[in-house]
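The values are calculated or read from the model by the stated rules, or taken from the named source; none is laboratory data. All figures in this text were calculated on a predicted structure; none of them were measured in a lab. Using ideal geometry, Cβ is built from the backbone for each residue, glycine included, and neighbour counts are taken over all protein chains shown. For accessibility, only protein heavy atoms count, side chains too; no ligands or nucleic acids. Shrake-Rupley method; radii C 1.70, N 1.55, O 1.52, S 1.80 Å.
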Amino acid sequence: MKERLNEIEKEALKEIEETQDRKSLESLRIRYLGRKGLLTQILRGLKDLPEEERPSIGQKANQLKTRLSSFLQKRLDEIQKREEVSVGEELFDVTLPGKQFPVGYKHPLTQVEEEIVEIFRGMGFQVEEGPEIETEYYNFEALNTPKDHPARDLQDTFYLDLPPDEKGEYLLRTHTSPVQIRVMERQKPPLRIIAPGSCYRADAFDASHSPYFSQVEGLYVDEGVTFGELKGTLEVFAQEMFGRGVKVRFTPHYFPFTEPSAELAISCVICQGQGCRTCGGAGWLELLGCGMVHPAVFEKVGYDPEKYTGYAFGMGIERIAMIKYRINDIRLFYENDMRFLEQF
Ligand SMILES: [Zn+2]
C-alpha cells in the first residue's frame, strides 16, 4: 500500500506540474482528492487493512492529501497570474483614436483631364478612345503625314520591334489624332468627339518635355462646319477652364492634317497680359493646336470633302495643368512625390 501511495504521489505531482489551464487542474483535483478520488478511496479503505498498517498508511495518505492540495493551489495561482497578464495585454481601450487610413486623391492630371472632358461634354462632345499601340497608317499616313515628313523621323517616334502589317510598322502613338481616323472609319457624320489618352515621343525628359504625356483630341464633322464655330467652341473652353476674364488669340500655324491650322493662346493667367517671366514677357500663353480638317484626311476615311467640313483640335493635358496650377516642371507629375500630389 505504501508503494501505491508513492506511485500516486509521483504521478499526481507530474500531472499537476504539466497542467496549463484551470479546467484540467480541476479535473485533476477531482481525480485525486474528490469524493470518489483515489486518495479518498484509500482513506476510506483503511478499515479493511490489517490493524498494524492502519496508522502509518493513514498518516502517509493524509500527508499526501495535504501535499497535493497545496500543490494544486500553487499551480492554480500560477495559471491565474498568467491569465491576468495575457488579459492585460489584450485590454482594449475604446477611448483610443482609431487607425488612420490616409485619404486618396486623384492625380492632378486625372483631375484636369476630367475637367476638360466635362467642359466638352457640356457642349455635346462624346468621349472616344483608341489604342496606344498604333500603326504608321493611323498615326501618320491617314493624317496626311507622308513618309518623308519630319514628324516621322525615327528620333521622334518609338517604333516597336514587331513584324509590320498592311497598315505599316507598329509604334507607340505620338498623339491622340489617330482616334479621329478610327472613329471616322466606322461612323458617318455628323460626329462630335473628344479623345483623351496617353502619347509617347522619343523626347528628352526635362522641365518641359517628357517621353510620356497625355492629350485630349477633339473632332467635329458635319455639313457646313466653320472656322468661326471652332473659335467659339475653344473660347468657351478656355474661359471655362481658366476664368471668364481670359482672352483668346488665334495665330496661323501648320499641321499636316488641318488646313487652315492655328494655334490658340490665352492671355497670361499670371500677369493678365502685362508680361511676366512665365509668358516670356509676351502676355500670352500657347494653349493648343487646332484647324479645319484637311480634305486629304476626309478622303482617307471615305468622307466627301465637298459635302463635309470639320474642325479638330488637340491639347496636352500636362500643359493645361501646368498653366492652371502654375507648375513649372512637367517632371513633377511623374515623380509620385506625395508632398506634390497632396496639394491637389
Ligand atoms: Zn505673364
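Could you go through segment 256-264 and let me know if any residue there is more than 16 Å from the ligand (Cβ to nearest atom), modelled with pLDDT of 90 or more and not in a strand (DSSP E or B). For segment 256-264, residues more than 16 Å from the ligand (Cβ to nearest atom), modelled with pLDDT of 90 or more and not in a strand (DSSP E or B): present.
For segment 10-45, filtered to residues that are closer than 13 Å to residue 75 by Cβ and not in a helix (DSSP H, G or I), the residue that is least open to solvent (accessible area, probe 1.4 Å) is 19. Based on this model, can you work out whether residue 317 counts as in the same structural domain as residue 127 (by TED's automatic domain parsing), touching a residue at least 40 places away in the same chain (Cβ under 8 Å) and within 16 Å of the ligand (Cβ to nearest atom)? So residue 317 does not fit the description; no. Scanning segment 266-275 for any residue that is open to solvent by less than 30 Å² (accessible area, probe 1.4 Å), in a strand (DSSP E or B) and within 30 Å of residue 186 (Cβ to Cβ) turns up nothing. Name the single residue that is farthest from the ligand (Cβ to nearest atom) among those in segment 280-295 being open to solvent by 10 Å² or more (accessible area, probe 1.4 Å) and in a loop (DSSP other than H, G, I, E, B). It comes out as 294. For beta carbons closer than 7 Å, sequence separation of 6+ or different chains, a first residue in segment 261-272 that is assigned by TED's automatic domain parsing to the domain that holds residue 293 and a second that is near the ligand (Cβ under 8 Å from one of its atoms) and not hydrophobic (A, V, I, L, M, F, W, C), the qualifying pairs are 267/273; 267/283; 268/278; 268/283; 270/278; 271/283. Scan segment 315-339 residue by residue and report those that are open to solvent by 30 Å² or more (accessible area, probe 1.4 Å) and either closer than 16 Å to residue 215 by Cβ or not in a loop (DSSP other than H, G, I, E, B) (or both). Matches in segment 315-339: 319, 322, 324, 325, 331, 332, 334, 338, 339.
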